[in-house]
Structure formats: structure tokens, C-alpha cells
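Read through the structure below, which is laid out as C-alpha cells, and then see the notes.
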Amino acid sequence: MIPALVACLGLAGAQQTGLDLDDRIVNPLTADPGKIVVLVFLRRDCPVSSRYAPVIQQISKQFSGRATFWLVYPDKSDSPQAIRKYLQDYGYHLPALRDPDHELVKLGRAQITPEVAVFDRAHQLIYDGRIDDWYVELSRARSAPTTHELSDAVGAALAGKTVATSEVRGVGCYISDLE
Amino acid sequence: MILLAGAGAVGMLAGRPARPSLRFSASAATPAEQVTFNRDIAPIIFQSCTACHRPGEAAPFSLLNYADVKKHARQIVDVTQSRAMPPWLPEPQKLKFADELRLADAEINLIQRWVEQGEIEGDPADLRAQPRWVAGWQLGKPDLVLTANKPLSLPPSGTDTYWNFIFPVPIPETRWVRAIEIRPGDKRYVHHANILVDREASSRQREAEPGAGFGGMEIRIESQVFDPDSHLLFWKPGTVPYVEPEGMALRLDKGTDLILNTHLQPSGKPEVIQPSIGLYFTPHPATRLPMLLQLENDVKLDIPPGQKDFVVTDDFTLPIDVELLAIYPHAHYLGKDIQAFATLPDGAKETLIHIPQWNLNWQAVYRYAEPVRLPSGTKLSLRYLYDNSDENPLNPNHPPARVRGGNRSSDEMCHLWLQVLPVNFDSAQGDPRMALQEALARHNVEKNPGDFEAHYNLAAMLQARDKLDAAIKEYELAVRLRPDDATGNNALGAAFVAAEHSSQAVGYLQTALKTRPDYFDARYNLGLALAGQSDFRGAAEQFRLALQLQPQDANVEANLGAALAQLGQLPEAKSHLERALEIDPKQPIAKENLGALQKEMNSH
């Protein structure tokens, strides 16, 4: 446990940036000061990630102006052009970042797509994991989710409260399968 | 899915693959034990995954080469170990299925070891060629391609959609079909599709406008004559188009519609679904006639909220020898453990199918590798277990609610279709499927004694088998359940006419016409009943009214002519008999009566 925490602190000090679709380096935590920041990790080839598009759009709209949502694509073979097309196909109106070296993945402790990382105004990670419990396993989804971890975490951060759950792993596709 | 225990800290470490489920010790690996993609993994993937995991097919990504597989390696370990992939629901059993898509334990272990050892590609010389994948129609160019008139727009989110596309079949005469290939549109969003044969175009009335299709998960096709469904025409991702065995072609008549019943799942973005169907004809008419036999017990489905293990059973004893060719279980989201078995006359019990973890999304038709001989006296049984608790994540109600049998996806179902081929029968005794259908109808009446349709269908079957007295008894029971039902009263009246008890027919036919004055069949039958009582004036009046409903009916013209002849109105009788022969030159009553009438008129 202790060496891992040391590594964690070391990393937090190092890199926290991704590349926008014009290949500019962006630090999503500092780009929009004073806001709650949500990183949403997606794989274009992951059907679970894709099915969540309307849900992600809807939740980001719900917290519009109070929390900044970033879509993060950790597959280094994803070109900006391919991501632009994906955003258009799925009706996304959210900024997207490429994360070819998985810096944001490490920062947000993401393991699966789709998962989210929620940072409070002080840039502290307060929740990482699934959006909700819609999917039970890859081929089994509920007709509707019964928990709402992402909304709850953003709501807690806005209210300055501690989140009830700081981590629940998602159902979907492994980020570690990507080099 | 969650392999990482205490993942919070471990996940922070950059680049270290965290795989705590490792059992294989790297130090023990010698080159001989090293698993490589090219030698060991590619054959498994190509055999069991690539049919769907390639461009244009149902799977969300391709698995065509080392890079593709490596990009999903851990996921493949997970889904093969949980047996979510390849999708194959039945447990292994003695009676083997064709095209079984189940990985051996050794194959699953091999994939795991490959990932543990670092996903080594291996010697290119070890890589064997992939099967030759065919793009487009799998059986080559179809003889006839039907494309849905109007595409369906699938919204990006929401619940699953069940949609029916109607395909009129433009054939000028009866054709025999040896294979049907279903191309359901974009295969990634279609979970499964079924074709139903609508021989009387009865589904068109359900469309808001012609060609639009209609919604609904479960549909029923009405039929006027004994023409039992005989083929399971089914598509799911990975389905290889099925070519019917010699002599078992599907008959398609002029005017037949094919109904494609689809289950669609939103993808996150708007999709447009426009299915097509390819028909492959054969010049050889069917010589062997299978039949679909349904076990069900929906009436028993009344599942209290919270109940985890609600069991429904149905047993049916075969009245004839059959070969079982295929099986198709069906339940909705509460279905959990699905079993069917056969108890042979000697008491031996054979599992026909056992699905311990039902998943509607992966429902399928399962064909047996070899036909299963089931002698007369074999008891067929289904036993379905339903979980209506909150522990069932697929429960459509949260919190759980009372769920009953029904056609909506939030209702439940308990159905099992068996495709059987009668064997060892004496063809002089008529179509052996009739005995089967009668036994099924009787069984249905036993299960649903208060159900109008159960009695009505048994009566119709008995009448088709010339068991008129028994048919009348069943129609009477049906009419007792729905005293004003036009169809039931007409059928009972018609059966009395056929049994030459015209006096008993009249009242029922009048009731039918009271409910539905424009009911042509009842009008015509009432004419016959009155004629049977020598009330030719009354009969002629009914036939005239029937003609107003259907002016082109040769039978009515002929009977009207005969009634008028009985009344002595010879010239008028003659003109109606002639009109009958204009419509149908072979009309036998008209021919016979016209001959007699000419003699009569000549003799005066």
C-alpha cells in the first residue's frame, strides 16, 4: 500500500494533460478554473461506451455551467479525425481529449470504458468508476439503472459534501488492453 | 468483470498490468509450454469468433489478426471464462446440437495462459489461413430479394424496440423455398429476427399505412385452414443461413406475406434499419412435412413480486412417432432456468435443452445434430423457473411488481417450440400432423377450460378431421363462453348445417348476424340452413343479401339459382346459375342445376 501511495503522489505532480483534437496540450483540471471537472473515459470500439452517449450528454447538460465534462480517448490509434466523426455520429457537444500515453487514465484511476473521474474544485479526485449500474455484465443491462454514481458525485462536489462512494468499477472494456 | 481487488492503489502504478487472477507461474514456462497467438490462439479465434467479429457483421469490433486480438485480450479472457462469449446458452448434454458454439475448457485456459504470458505473437510460419469469409449473401445471389418498404428509424436511447416488417412475396404461382437468408439491416443493432409466414395477408391490417410495418414483440398469424407452421425461420448474430434438408422445402403461395419480427437495441446514436430477405427456390416440392409443436403455459404466469423461484411446467404426450429436429425456448426478462426434457415410454428421461442462465438477448433456435427419435407415448415436458426478485438485474420492474403472461416485453412468457417430423405413419390415414394438432388442441383445452379460443380451435380441428359431433360439442362450449361471438356462432351454425341438423343451425347463425350484419359467411350459411328446412323463400333472401356483400361469389349465385328453381321462378333461376358459371365455369352446383333446369324448362 505505501509504495503505491508514494507512486501516486509522484505521478500527481508529473503530467495531467491530454491532447485536444488540434493536438494542443490541455490540462483539463486547470482549463476551466473553479469548476468541478469530470473526465469520461471512452473507447470507440466499446459498444457499452457508445450506448452511454445519450446518458453522458444528458448528465453533462444537467450540470451545465457548474461542472466541465471532458471525453477522454485513451486509444493511441484513435486519430483526431476519427474522434471528430464519432462525436458527430453520437451527437456529443463536449470537448474531447486524446490520451495516448494514459496520463489522464492514471490521474483518473480509470480501468474500464466507460468510467468517469470526478475532481472537486481543489482538483482532488473524489470519485472514480462507473456512471451508474445500468450494465450488470457485458451482455446484460438493466432496463434502467438503479444507482447514479456520477450524478451523485458531481452533486456532492457542488454541495461541498463528501461522496458516499468513492469508487465502483465499471462494466465495459479494459483500458489496459490498449498499449 | 472486476478483477482488481483493492484496485485504488494498484491502479495508480503506471504501466504495470494488474492481473491478480494469474495462476500460471512464468518461471515454469518453457518454450514448449509457451502459448503463442499464431500457433495456439488464432485457430480458436478464427473458429469461434471471427464469423461475427469482422467488418459488416454483428460484433462491435473485428478479431481478424494479432493486433485486433491483443487490443481486447483481457476482455476476451473475461468473457470466455464467464462464457458470455461466444454466445451459447445451453449446457452440454447427450443430445448434441448442430453448430455448437461452445469453447472447450482447454481453449479457455489456453487464452488465459496466453494473456498471462504477455500475449506473444509467435512464429508467423505457425499461422494458418483464416476460413474464407464471404461478404454479403452467404449462400450466393438469392433467386429473389425482398427489401423492407420503409426503413425504421431507431432512436439513440430508450428501451429495446420490437418491430415487424411486412414483405409481400411477388410470385405469380406457388414456389418452394429451400433456404431463406435474413439480412436484418445493420447487424450490430438487431438482436434477433424471426420470420412468420402469413398466408392470408392478415397482418397488413395492423400497419398504420401500407408498407409501414408495425410494433410488437409477439405476434400471431390467423389462419382459416389447417396449414400448420412447419419451419423455424430465425436469425441471430452469427447465424449461418440454413438450407432445408431434401424434401422439406417451405411452400410459398401467391399472395403470401413474410413477416420479419425483429428485436432492436439502441446503440447510442440514431440508426436506420432496413432489412432484406433473400429467397432461394427449389423445383422440388416438399415430400416431408414437419410441424411446429408448442408447449406453453402462460395462464400459469402470475408471479408475485419478490418471488425468486416461480416454476411453470407443461407436459404433452405425443400421440404419434416423430423425429425432433429443432427446439426454440422463449421467455422474457424474468426467465432464469429453462429446461425441456422427454420421458420415453420406457421411462428413460432425456434432456432436450437446459439453459441455466436464460438471456432473452441471446435467444436462439437450436437444431439437433441428428434428428431425435421420439416414439408415440413420449411425454414432452418444459420446466421454466422465473426470478421476480430485485436480485434479477433484468427485472423490468424496480421495485418488483406482479407480472403476468402477455405479449409485451414487460409481461412474461412460457413458450417452447419444437420442430417435429412425423414418422412411421400410414399415409392412407391422412396427414399425420392432424392427429398431433388435435392432441395439442385437447391439451390446450385441458389447460385453459375457460378459454374460448382453446375450445374453438379444438372444434375446428375436429371438424377438419370429420368428427362432426365432437366438433359441435366443442363449438357449443366455446359459444357458451362467448354467447355473442359472431365467429363462434357462425362456426357452430355451419357445423349443424354440415351435420344436416339445419333447424338447430338457424338460431346461432341469426345471433352471428345480429352481432355482425355484414358477416358474409354467416349470411351464406343461414341461406343453406333455411334451404335445408325447405324454406326456399327465406334462403333466397339470405343469398341475395350475401351477394350484396360479395357480388363475385359463384357459390352464392349457384345456391340462389337453386333456391329460385325450387320456388318455380325458372327464368330468374337460370340467369343466376349462368352467372355462377360465368364467375367459375366449374361450379358443380350450377352445372348440375342448370342441366336439370334446361330439361324442366324444355318439358314445359
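Odds and ends about this structure:
- Condition check for B:Leu416: crowded, with 18+ Cβ neighbours inside 10 Å, in contact with a Pro (Cβ under 8 Å, 6 or more places away or on another chain) and in a strand (DSSP E or B): yes
- Residues that are more than 11 Å from chain A (Cβ to nearest Cβ), surrounded by fewer than 19 Cβ atoms within 10 Å (Cβ to Cβ) and farther than 18 Å from B:Leu101 by Cβ, drawn from segment B:49-68: B:Pro55, B:Gly56, B:Leu64, B:Asn65
- Per-region count, segment B:314-369, residues in contact with a helix residue (DSSP H, G or I) (Cβ under 9 Å, 6 or more places away or on another chain), surrounded by fewer than 22 Cβ atoms within 10 Å (Cβ to Cβ) and farther than 18 Å from B:Val420 by Cα: 0
- Candidates A:Leu138, A:Leu94 - the one that is surrounded by fewer than 20 Cβ atoms within 10 Å (Cβ to Cβ), more than 9 Å from chain B (Cβ to nearest Cβ) and within 28 Å of B:Leu154 (Cα to Cα): A:Leu94
- Some residue of segment B:498-509 being crowded, with 21+ Cβ neighbours inside 10 Å and not in a helix (DSSP H, G or I): no
- Being in the same structural domain as B:Gly216 (by TED's automatic domain parsing), under 30 Å from B:Ala73 (Cα atoms), modelled with pLDDT under 95 and of a type outside the set (Asp, Glu) holds for only one residue in B:Ser153, B:Ser157, and it is B:Ser157.
- Residue within segment B:565-581 that is on the phi > 0 side of the Ramachandran plot and loosely packed, with under 13 Cβ neighbours inside 10 Å present: yes
- Any pair with Cβ under 9 angstrom, 6 or more apart, that starts in segment B:119-138 at a residue that is in contact (Cβ under 8 Å) with a residue 60 or more places away in the chain and ends at one that is loosely packed, with under 15 Cβ neighbours inside 10 Å and outside any loop (DSSP other than H, G, I, E, B): B:Trp137/B:Val145
- Of all the residues in segment B:233-269, those that are assigned to a loop (DSSP other than H, G, I, E, B) and closer than 30 Å to A:Arg51 by Cβ number 11.
Residue-wise test of (1) at pLDDT below 95; (2) under 30 Å from B:Val169 (Cβ atoms); (3) touching a Pro at 6+ places or on another chain (Cβ under 9 Å).
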residue	(1), (2), (3)
B:Thr282	no, yes, no
B:Arg288	yes, yes, yes
B:Met291	yes, yes, yes
B:Gln294	yes, yes, no
B:Val299	yes, no, no
B:Asp309	no, no, no
B:Phe316	no, no, no
B:Val322	no, yes, yes
B:Lys336	no, no, yes
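- Given (1) at pLDDT 90 or above; (2) on the phi < 0 side of the Ramachandran plot; (3) within 14 Å of another protein chain (Cβ to nearest Cβ), index of the condition B:Lys236 fails: (1)
- Answer from B:Pro55, B:Pro86, B:Pro124 - the residue that is under 32 Å from the mean Cα position of the chain (by Cα) and farther than 29 Å from B:Pro329 by Cβ: B:Pro55
- Scan segment B:359-391 for residues that are part of a loop (DSSP other than H, G, I, E, B) and modelled with pLDDT under 95 and the total you get is 6.
- Taken residue by residue, segment A:168-177 has at least one member that is touching a residue at least 24 places away in the same chain (Cβ under 8 Å) and over 14 Å from the mean Cα position of the chain (by Cα).
- Per-region count, segment A:29-77, residues among the polar types (S, T, N, Q) and surrounded by fewer than 19 Cβ atoms within 10 Å (Cβ to Cβ): 5
- Within segment B:392-408, if we keep just the residues that are out of contact with any Phe, Trp or Tyr (no Cβ under 7 Å at 6 or more places or on another chain) and within 11 Å of chain A (Cβ to nearest Cβ), the residue that is nearest to B:Gly215 (Cα to Cα) turns out to be B:Asn397.
- Given (1) in contact (Cβ under 8 Å) with a residue 60 or more places away in the chain; (2) over 18 Å from A:Gly108 (Cβ atoms), number of the condition A:Lys35 does not satisfy: (2)
- Taking the listed residues B:Trp137, B:Trp114, the one that is of a type outside the set (A, V, I, L, M) and in contact with a helix residue (DSSP H, G or I) (Cβ under 7 Å, 6 or more places away or on another chain) is B:Trp114, with no other qualifying.
- B:Ala478 vs. criteria away from every other protein chain (no Cβ under 14 Å), free of Cβ contacts under 8 Å to residues at least 24 places away in the same chain and of a type in the set (Gly, Ala, Ser): no
- Residues in segment B:132-151 that are closer than 30 Å to A:Ser50 by Cα and surrounded by fewer than 20 Cβ atoms within 10 Å (Cβ to Cβ): B:Trp133, B:Val134, B:Ala135, B:Gly136, B:Trp137, B:Gln138, B:Thr147, B:Asn149, B:Lys150, B:Pro151.
- Restricting attention to segment B:69-102 and to residues that are polar (S, T, N, Q) and assigned to a loop (DSSP other than H, G, I, E, B), the residue that is farthest from the other protein chains (Cβ to nearest Cβ) turns out to be B:Gln93.
- Within segment A:53-80, restricting attention to residues that are over 22 Å from A:Lys106 (Cβ atoms) and hydroxyl-bearing (Ser, Thr, Tyr), the residue that is farthest from the other protein chains (Cβ to nearest Cβ) is A:Ser64.
- Meeting the requirement of 3 or more residues that are out of contact with any Lys or Arg (no Cβ under 6 Å at 6 or more places or on another chain) and more than 14 Å from chain A (Cβ to nearest Cβ), the strands (runs of 3 or more DSSP E) wholly within segment B:149-190 are B:161-168, B:175-183.
- Looking only at segment B:398-412, and only at residues there that are surrounded by 16 or more Cβ atoms within 10 Å (Cβ to Cβ) and not small (Gly, Ala, Ser), the one that is nearest to B:Glu296 (Cα to Cα): B:Glu412
- Verdict on B:Arg537 being of a type in the set (Lys, Arg) and either within 28 Å of B:Lys473 (Cβ to Cβ) or outside the structural domain of B:Arg465 (by TED's automatic domain parsing) (or both): no
The values are calculated or read from the model by the stated rules, or taken from the named source; none is laboratory data. Everything numeric in this text was worked out from a predicted model, so none of it was measured. Cβ atoms come from the backbone with ideal geometry, glycine included; neighbour counts cover every protein chain shown.
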